[in-house]
Amino acid sequence: MFCSIILMVINLMVDLEKNIQYIKGVGPAKATLLNKLGIYNIKDMVEHFPRTYEDRTKLIDIIDFMDGEYVLFVGKIQTDVKVQRIRKNLAIYSTFACDDTGNVKLTWFNQKYIKDRLKVGISYLFYGKVQIEYGRRVIDNPQIYNLAELDKVKGIYPVYTLTSGITQNYLFNLINTIYEDEVKEEEIFSDEFRKKYNLADINYALKNVHFPENFSAIDRARNRIIFEELFLLQLALMTLKNNSLGMKKENVYSSVDEEDFLKLLPFDLTGAQKRVVEEIKKDLTSDKVMNRLVQGDVGCGKTMVAAISMYIAVKNGYQATMMAPTTILANQHYNELKPYFEKLGINVEIITSSTTKKNKEIISNKLKNKEIDILIGTHSLIEDNIEFNNLSLVITDEQHRFGVKQRMKLTNKGKNVDTIVMTATPIPRSLAIVLYGDLDISIIDEMPPGRTPVKTYVVDKTFELRINNFIRKNVEAGRQIYVVCPLVENNETLDLKSVEEIYEKYKNEYFKDLSVEFLHGKMKNKEKDEIMQRFKENKINILISTTVIEVGISVSNATVMIIENADRFGLAALHQLRGRVGRGSYESYCILKSDNKSQKARERLKVMEKSNNGFEIAETDLEIRGPGDFFGIRQSGLPEFKLANLLKDMKILKEAQQAAKELLKEDKYLKLAKNQKIRNALFDKFGEQLTNVAT
């Protein structure tokens, strides 16, 4: 009996690890496309969860349509399909449909077949998203079915993330094929644990997330899967924190008076900077390893806090390093800090991708011989040939731009290294505490005196001429301009401004006599660095870019930030972009362009007019916008969740956090037999990060 159970488990593991290519209906070509979605085997497909669901369980009368809702309805075609050719490669096909309660305008883009598909006087079944425009109901690109298909169409439909060449129907049929066999995942929670936290069995959850019986089943299924994801995250963070708290360091610092450094500065530290410096000093002079997040708005003075921390490290006889995400930013830190440190006899060097092989060898030798006290750089710092003599302090700027492995590789160049990670991404404190469970948090919530707030205005296309005149006026006064677009190149299906389109207009129509350049993430790093350097040197009047300039060089002469289709950005991202101007003594402006008529979109953008406080904006964005793409970019260092959303699922996150605390209180190293499956799952997911944790 025991042997048969073992064989059954082995067979299940083999089933889950089976290459997706060999599933019926896949093959090599489709497998390559599925790989782009992170689907390599059956387990990956089972865990490729729907991102949302379409509710087609009931028919809706046209009079009951609500703005923004998806509806299934029966409509009789009232008019012949009209064709409107907007430009080359864009034709709009439209008609009206009605029922006994009202009518709706239906439009399709570049769907030539619609003209022959729909007949006046015939009723069809439609499914699509309602828009209310000036009191009129409109649905763009609705799906069309014959009335005979009603029973087949009604139900709850999963909606999956796709890639080119893979359709919703294909994924739905594929998951159906997989579930024709008895595919089961191993349950990591005991019956006692699941009962305590009211969790569904994992296989009930997996089946109902793809084939829900009803919406209650979806909620129960998602709750279970999300709980497990967040529980393992919190368990990993707490294990890391407990381990680092218990880790004694050899490099305990003596208290240092930083007055020699401070008196070189042409300004006084703010109260917030002083408070954070004291928190760091307390960590450095303790015998426990420091892991601290320093969070602060753009321009709040994080770099000086980092400089003082490095000064204390060097005065204690140790080396320090500071890693930035771009060559431009690394150079900026180096050029700003080197003059201060040189006056104090502290040797500072920089290493980036631009550093020659010969100079890298020289720097490496100096590091090993302790002829360099502070090394500032980019990813080049983690190269194997860069060896420190006694590295004690590692500072990572804009930490979300680096992965866990990169940060670990740098800290592993020293022994029991103290770590500071810095970010200007404003995150509400309550969320930061949960997000960075393995870090202590310091917040610089005060701006230096004399920094003039950037004046912000929300405008629409009617202001185009005035904005162009305003740009010219600022350039004639010697100032520079940023223009940010949501896209790199034109996209027929998205009516959004692109870098290419705006560059062509500015360069060849509006500002022929000015120096106009563009910048985007698809360009090579060397090319991007050269353009930003020329902009810094005022050789470029107008720089048109994507959000790649969100974290970039400080150009005090840039006074105008124009953001096209501003409603397409999160408030946190808009605030980061706005922080690129207003860095000098000149009055600066941020112009948010949007033609979005939605009240919610306008309300969000108006927040930017009223506030320059990143933390206030982050809180408001969370309230108004909901979860969405709050961060703009995923916080690296955290896993890429299959289903969990750190904002939307805050309630589950807190429950999972409490559950992890209780479990570790009872069984610190997860040694009890009932917790072995949890331990195995934890090390499967976070093994590399937990390598130093007691086993």
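The values are calculated or read from the model by the stated rules, or taken from the named source; none is laboratory data. Just so you know, these numbers come straight off a predicted model, no measurement behind them. Note that each Cβ is placed from the backbone with ideal geometry, even for glycine, and that neighbours are counted across all protein chains shown.
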Of all residues in the range 444-473 being among the hydroxyl-bearing types (Ser, Thr, Tyr) and outside any strand (DSSP E or B), the one that is surrounded by the fewest Cβ atoms within 10 Å (Cβ to Cβ):
462
Which one of 369, 365, 347 is closer than 20 Å to residue 256 by Cα, surrounded by fewer than 18 Cβ atoms within 10 Å (Cβ to Cβ) and over 36 Å from the mean Cα position of the chain (by Cα)?
347
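To keep it simple, each residue is scored yes or no on (1) more than 25 Å from residue 347 (Cβ to Cβ); (2) in contact (Cβ under 8 Å) with a residue 12 or more places away in the chain; (3) more than 30 Å from the chain's Cα centre (by Cα); (4) in the same structural domain as residue 390 (by TED's automatic domain parsing).
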site: 265; (1), (2), (3), (4): no, yes, yes, yes
site: 268; (1), (2), (3), (4): yes, no, yes, yes
site: 274; (1), (2), (3), (4): yes, no, yes, yes
site: 280; (1), (2), (3), (4): no, yes, no, yes
site: 294; (1), (2), (3), (4): no, yes, no, no
site: 305; (1), (2), (3), (4): no, yes, no, yes
site: 310; (1), (2), (3), (4): no, yes, no, yes
site: 315; (1), (2), (3), (4): no, yes, yes, yes
site: 318; (1), (2), (3), (4): no, yes, yes, yes
When residues of the range 18-50 are limited to those that are surrounded by 12 or more Cβ atoms within 10 Å (Cβ to Cβ) and charged (D, E, K, R), the one nearest to the chain's Cα centre (by Cα)
36
Of 670, 622, 646, the only residue that is modelled with pLDDT of 70 or more and surrounded by 16 or more Cβ atoms within 10 Å (Cβ to Cβ) is 670
Restricting the range 323-344 to residues that are over 10 Å from residue 376 (Cα atoms) and aromatic (Phe, Trp, Tyr), the one surrounded by the fewest Cβ atoms within 10 Å (Cβ to Cβ) turns out to be 340
The lone condition residue 371 fails out of (1) touching a Gly at 6+ places or on another chain (Cβ under 6 Å); (2) outside any helix (DSSP H, G or I) is (1)
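Answer yes or no: is there a residue in the range 157-180 that is charged (D, E, K, R) and closer than 30 Å to residue 652 by Cβ.
Checked the range 157-180: no residue is charged (D, E, K, R) and closer than 30 Å to residue 652 by Cβ.
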Single condition residue 384 does not satisfy, out of (1) at negative phi; (2) part of a loop (DSSP other than H, G, I, E, B); (3) modelled with pLDDT of 90 or more
(3)
More than 16 Å from residue 590 (Cα to Cα), modelled with pLDDT of 85 or more and either under 29 Å from the mean Cα position of the chain (by Cα) or crowded, with 19+ Cβ neighbours inside 10 Å (or both): is that true of residue 476 in this structure?
no
Test: residue 95 is without any contact (Cβ under 8 Å) to a residue 40 or more places away in the chain and either crowded, with 18+ Cβ neighbours inside 10 Å or among the small types (Gly, Ala, Ser) (or both):
yes
Of the criteria (1) surrounded by fewer than 20 Cβ atoms within 10 Å (Cβ to Cβ); (2) part of a loop (DSSP other than H, G, I, E, B), which one residue 555 fails
(1)
Kindly establish whether residue 174 is under 30 Å from residue 36 (Cβ atoms) and not assigned by TED's automatic domain parsing to the domain that holds residue 113.
yes
Hey, residue 73 hits all of (1) farther than 13 Å from residue 162 by Cα; (2) in the same structural domain as residue 169 (by TED's automatic domain parsing); (3) not in a helix (DSSP H, G or I) but one; which does it fall short on?
(2)
Restricting attention to the range 526-542, and to residues there that are free of Cβ contacts under 8 Å to residues at least 12 places away in the same chain and in a helix (DSSP H, G or I), which single residue is surrounded by the fewest Cβ atoms within 10 Å (Cβ to Cβ)?
527
If you take the residues in the range 285-305 that are surrounded by fewer than 24 Cβ atoms within 10 Å (Cβ to Cβ) and assigned to a helix (DSSP H, G or I), which one is modelled with the lowest pLDDT?
303
